[in-house]
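Participant: Let me begin by handing over the structure; questions about it come next.
The values are calculated or read from the model by the stated rules, or taken from the named source; none is laboratory data. Here the structure is a predicted model, which is why all the values come from computation and not from measurement. When we count neighbours, we look across all protein chains shown, and the Cβ atoms used for this are built from the backbone with ideal geometry, even at glycine.
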């Protein structure tokens with residue numbers, strides 16, 4: 001029998017399998033954490049930071065898609081430190097007008113199947129990150 005990890009998410013006990021991430025445990029428990037760079041079958045990167053959560057005892061917020069579930073963790077997806085993310089989702093904010101100096105890049109049309117516009121890139125890594133092998 002495989003040992004499970006017991007942790008808390010938003011004050012509720014949650015069981016996770018060894019090797020799971022906080023995001024995996026949250027999904028299994030029915031706790032929604034938004035993601036962007038996380039895709040099943042790709043190694044986690046935590047690059048976009050959309051899935052940040054607060055872990056008690058850690059100085060900063062952590063990306064739930066790349067942070068391992070550990071015995072006794074106390075995780076909050078609703079902390080005041082995650083408020084900006086929650087408010088943006090709640091109020092359906094998609095565009096934030098940026099004022100200031102920006103750099104412009106050429107559109108990459110070198111691939112016959114993908115047109116990449118670096119001006120819109122948030123460096124999430126979805127287009128370049130390697131896939132997990134079947135044994136991973």
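The rows are residues; the columns are (1) under 14 Å from the mean Cα position of the chain (by Cα); (2) closer than 25 Å to residue 4 by Cα.
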| site | (1), (2) |
| --- | --- |
| 16 | no, yes |
| 45 | yes, yes |
| 60 | no, no |
| 121 | no, no |
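Participant: With respect to residue 132, determine if the residue is under 17 Å from residue 21 (Cα atoms) and modelled with pLDDT under 80.
Facilitator: Working: under 17 Å from residue 21 (Cα atoms): yes; modelled with pLDDT under 80: yes.
Yes; evaluated as a whole, the condition is true for this residue.
Participant: Can you say whether residue 26 is modelled with pLDDT of 95 or more and touching a strand residue (DSSP E or B) at 6+ places or on another chain (Cβ under 7 Å), as far as the supplied structure shows?
Facilitator: Yes; evaluated as a whole, the condition is true for this residue.
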